[in-house]
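One structure below.
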Amino acid sequence: MQPIDGRQIQKDFPILDQQVHDEDLVYLDSAATSQKPCAVIEAMDRYYQEINANVHRGVHSLGESATQAYEEARRKVASFIGAASEREVIFTRGTTTGLNHLARMLEPQLFPGDEVLISIMEHHSNIVPWQQVCQRTGAKLVYVYLKDGRLDLDDVKAKLNPATQVVSLAHVSNVLGIENPIAEIADWVHDVGAYLVVDGAQSVPHLPVDVQQLEVDFLVFSGHKMMGPTGIGVLYGKESHLKELEPVEFGGEMIDFVFEQESTWTDLPWKLEAGTPPIAEAIGLGAAVDYLNDLGMDRLAAQDKDLLAYLWRGLQSVEGVEIYGPPSLEGRTGLISFNLEGLHPHDVATALDYEGVAVRAGHHCAQPLLSYLGVGATLRASLYAYNTKEDCDRLVQALEKTKEFFNGTF
């Protein structure tokens, strides 16, 4: 398998060819949002310049061309994640919207005494919607915790029971970078008759993901983290489940017939896509899928592990760096969260920016996890196909310079 050449890949991303504070940009914040290749930008431009029209309802040539391009993007996404049918792919605004919609659609099936199981490592988008639903229904929100920096699988098994109706977990933690064994967990979840919802925001961009092999009931992810545009995401659901669920948004494309006092809904997937959809964004996401397929997800995952191991060694060479999560690289992917002893992560991130190195600093929308870890904020360096070992070196060098600058605190 030919390895990915990050330096060659960078040529496809115009934004990376710039300087910040007179230093060549090193972008290490792809877990927040990835950069976009020319192919994605050009695909969206072509839509606006050549076939801009609304989809599905028009019979004129532009409308038919736009519909064809939009639905072709859906077919690409379905194939990319191994869905059984494009009817199982619902376009949303992103992971957050997908999780909110799922929580609301599953709400009628929750009652006092029922349980929703999530983990302490979840993004706020996979916590707050379930909090709200449980408050409205009287169901109980139950957390599973960590062991040695990883999801405690014994805790998962112990807390699954006949009262569990929904289990919603991240495939990969956006703070720890840990891949959870979703396929194994799926068997346990289905044994108690519950739905398995998976947040794939950090996994779909980096790993080969096949929803049928994983046996998930629902999967949500965002386009902007996988080289696609902002404002577009995907809610995958098994067709049998989606047919049973009622929409939570109404009007426009999802209508079949509207009478004075009641309405009926159209077929999947459009039943769950109210209003004018994100047409240009879906086309851009389709182009991103093409780009990732051309790279090869197996190759990308291998590069990810190689770069992560290199960065791991580099960070460990910096005195005063504390890395969060398990003490080994096993099961890690894509990112490392860390702090520099004696310095606030926001100060470190600002100093790194002056060296041209962009990393994230904060609670990463995972305050319960950081409270569990005993920290208020961390730095996070996240990698993607356009990164190189030289980028990792630049981060390590910038951290050493930052220590020198704040020398009085050491």
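Taking max minus min of the alpha-carbon positions on each principal axis, the range 26-155 gives extents of 54, 44, 25 Å, largest first. Electrostatic tally near SER328: other residues with Cβ closer than 15 Å to its Cβ, Lys and Arg +1, Asp and Glu -1, net +2.
Across the chain, the mean sequence separation of Cα contacts (distance under 8 Å, 6 or more residues apart), normalised by length, yields a relative contact order of 24 percent. Treating each Cα of the range 170-227 as an identical point scatterer and summing with the Debye formula, the log10 of I(q)/I(0) at q = 0.17, 0.19, 0.21 Å⁻¹ comes to -0.52, -0.64, -0.77. Note on the chain: with a GNM built from Cα contacts shorter than 10 Å, the maximum mean-square fluctuation among GLU23, GLU86, GLU262 falls on GLU262. Principal axis analysis of the Cα atoms in the range 112-234 yields extents of 42, 30, 28 Å, listed in decreasing size.
Rounded to the nearest 20 Debye, what is the dipole magnitude of the range 253-410 about its Cα centre when Lys and Arg each give +1 and Asp and Glu each give -1 at the C-beta?
For the range 253-410, the charge dipole is close to 700 debye.
Label positions at ASN293 and ALA309, each projected 7 Å from the Cα along the C-beta direction, are separated by 3.0 nm. FRET efficiency for the ARG46 to GLN131 pair, using the beta carbon distance and R₀ = 45 Å, is estimated at 0.60. Dimensions of the range 341-410 from C-alpha coordinates, computed as largest minus smallest value along each principal axis and given longest first, are 37, 34, 15 Å.
With N the number of residues in the range 40-294, Rg(Cα) / (2.2 N^0.38 Å) evaluates to 1.03. Globularity index of the range 85-125 is 1.41 (Cα radius of gyration / 2.2 N^0.38 Å, N = number of residues). Between amide H atoms placed 1.01 Å from N, distances below 5 Å from HIS56 occur with THR67, all of them 5 or more places distant or on a separate chain. Each Lys or Arg adds one and each Asp or Glu takes one away; over the other residues whose Cβ falls under 12 Å from the Cβ of GLY362, this sums to +1. Dipole size of the chain about its Cα centre, with +1 on Lys/Arg Cβ and -1 on Asp/Glu Cβ: approximately 340 debye, rounded to the nearest 20.
No lab work stands behind these numbers, since they all come straight from the coordinates. Quantities reported herein were computed from a predicted structural model and do not represent experimental measurements. Counting neighbours? That spans all protein chains shown, and the Cβs are built from the backbone with ideal geometry, glycine included.
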